[in-house]
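*Asks:* Here it is, the structure, as structure tokens.
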Amino acid sequence: MPDKTVTACLLIIGNEILSGRTRDANLAFLGDNLNRLGIRLTEARVIPDEAEVIVATINDVRARFDYVFTTGGIGPTHDDITAECVARAFGLPLIQNPEARAILEAHYPPGDLNEARLRMANTPEGATLIENPISRAPGFQIGNVFVLAGIPSVMQAMFASSSHRLTGGKRLLSASVTAALPEGLMAAGLKAIQKRYPEVEIGSYPFHRMGVYGARLVLRSVDEARLAAARAEVRELVEQLAKDAKNA
């Protein structure tokens, strides 16, 4: 899909994230690594461990994005319900995947593969497994939905195992200009530049350092030439405003 904008959505599933007891570390990793593949992570949602919410959300986003990634809810406990919810969303039976069971049987010593751990072998019928080289219990893919673990190290390993299945488009490039100026002073000029470069996203991210107010101006586009031209105009604006402020 070289000329297409390829999009992705991340569903972060877990009451522990919403309660604040656990901090998500997966969003930044996926956003960065998907962009490297030419896939834009354009939406992320944090949803609870509630079956109806998970099913409805999966059906919503899988119809609107090229790829959907879920994290969390595929462990051995009663509240790990992501696999069964994905099966429901696709209208497929939830099965004990024989390949996943074989992986778990090879991993656990005899007698240690109890009923709870066997839940980690459940997938929708027809799902393709995603290798987990760390703790062995696999994730899976069904359609355009990739179901990954919530533990960051395991999620990252699963992503690496499945990234070859992803087809990206144009990569989103970025450039930045740091300005030691208040945002209000730059707003009008930035608005005018944005109007001249509609294909370039221009964002302003303020900071306050050592008594100085400023902003990091970040520009993003798939068009390298237009990105460079817009950055040059932003830099010229900042330099002129700084000069005017100094001479005032």
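*Asks:* Here are some values of mean projected area of the Cα convex hull in nm²: (i) 16.7; (ii) 12.2; (iii) 17.8. Which one was computed from this structure?
*Replies:* Read-out from the structure maps to (i).
*Asks:* Here is a further query. At a 10 Å Cβ-Cβ cut-off, how would you order 170, 191, fewest neighbours first? Let's see the in-between values first.
*Replies:* Details: 170 17, 191 10.
Fewest-to-most ranking of 170, 191: 191, 170.
*Asks:* How large is ³J(HN,Hα), in whole Hz, for each residue of region 222-239 in order, when computed from phi with the Karplus curve 6.51 cos²θ - 1.76 cosθ + 1.60 and θ = phi - 60°, using x for Gly and Pro?
*Replies:* Per-residue couplings from phi come out as 8, 9, 4, 5, 5, 4, 5, 5, 5, 4, 4, 5, 5, 5, 5, 4, 4, 5 Hz.
*Asks:* Still on this model: Can you tally the net charge around residue 19? Count Lys and Arg as +1, Asp and Glu as -1, for every other residue whose Cβ sits under 13 Å from the Cβ of residue 19.
*Replies:* Counting the neighbours of residue 19, the net charge comes to -2.
*Asks:* Starting with the fewest neighbours, write out 77, 57, 167 ranked by other beta-carbon atoms found within 10 Å of each beta-carbon. Please list the in-between numbers first.
*Replies:* Numbers: 77 9, 57 20, 167 14.
Sorted ascending by nearby Cβ count, the order is 77, 167, 57.
*Asks:* Can I ask one more? So what is the 222 nm mean residue ellipticity for the chain from helices alone, if each DSSP H run of at least 4 adds -39500 (n - 2.57) and you divide by all residues, rounding to the nearest 500 deg cm²/dmol?
*Replies:* -12000 deg cm²/dmol
*Asks:* Only counting other Cβ atoms within 10 Å, I'd like 27, 181 sorted with the fewest neighbours first.
*Replies:* Details: 27 14, 181 18.
Result, fewest neighbours first: 27, 181.
*Asks:* Here is a further query. Below 21 Å, Cα to Cα, which lysines can residue 243 reach? Residues fewer than 8 away in the same chain don't count.
*Replies:* 191
*Asks:* Could you tell me which GluC sites (Glu not before Pro) in region 139-248 are loop residues by DSSP with no more than 16 other beta carbons within 10 angstrom of their beta carbon?
*Replies:* Passing both the DSSP loop test and the Cβ count: 199.
*Asks:* Also: Quick check: net charge around residue 227, other residues with Cβ under 10 Å of its Cβ, Lys/Arg +1 and Asp/Glu -1? Present the calculation step by step, with values, prior to reporting the outcome.
*Replies:* Details: positive: 220, 226, 231; negative: 199, 201, 223, 224.
It works out to a net charge of -1.
*Asks:* Mind checking which lysines have their Cα closer than 19 Å to the Cα of residue 170? Skip sequence neighbours fewer than 8 apart in that chain.
*Replies:* The reachable lysines, counting only those whose Cα sits under 19 Å from residue 170, are 4.
*Asks:* Now a separate question. If I build a Gaussian network model for the chain, linking alpha-carbon pairs within less than 10 angstrom, which residue out of 203, 91, 184 has the largest mean-square fluctuation?
*Replies:* With Cα springs under 10 Å in the chain, the top fluctuation among 203, 91, 184 is at 184.
*Asks:* Shifting gears a bit: Using θ = phi - 60° and the Karplus form 6.51 cos²θ - 1.76 cosθ + 1.60, what ³J(HN,Hα) does each residue of region 79-93 get, whole Hz, x for Gly and Pro?
*Replies:* Calculated HN-Hα couplings, in order: 8, 8, 10, 4, 4, 5, 6, 5, 4, 4, 4, 8, x, 10, x Hz.
*Asks:* For the chain, modelled as a GNM with alpha-carbon contacts under 10 angstrom, which of 155, 120, 210 fluctuates the most?
*Replies:* Taking springs between Cα atoms under 10 Å, the residue moving most is 210.
*Asks:* Under 5 Å between amide hydrogens, which residues at least 5 positions from residue 135 or on another chain qualify, with H placed 1.01 Å from N in the peptide plane?
*Replies:* none
*Asks:* I want to verify a result. In a Gaussian network model of the chain, Cα cutoff 10 Å, which of these has the top mean-square fluctuation: 156, 96, 194?
*Replies:* 194
None of the figures in this text is laboratory data; all of them are computed from the coordinates on show. Keep in mind that what you see is a predicted model, and the values were worked out from it rather than measured. Neighbour counts are summed over all protein chains in view; Cβ atoms, including those assigned to glycine, are modelled from backbone coordinates with ideal geometry.
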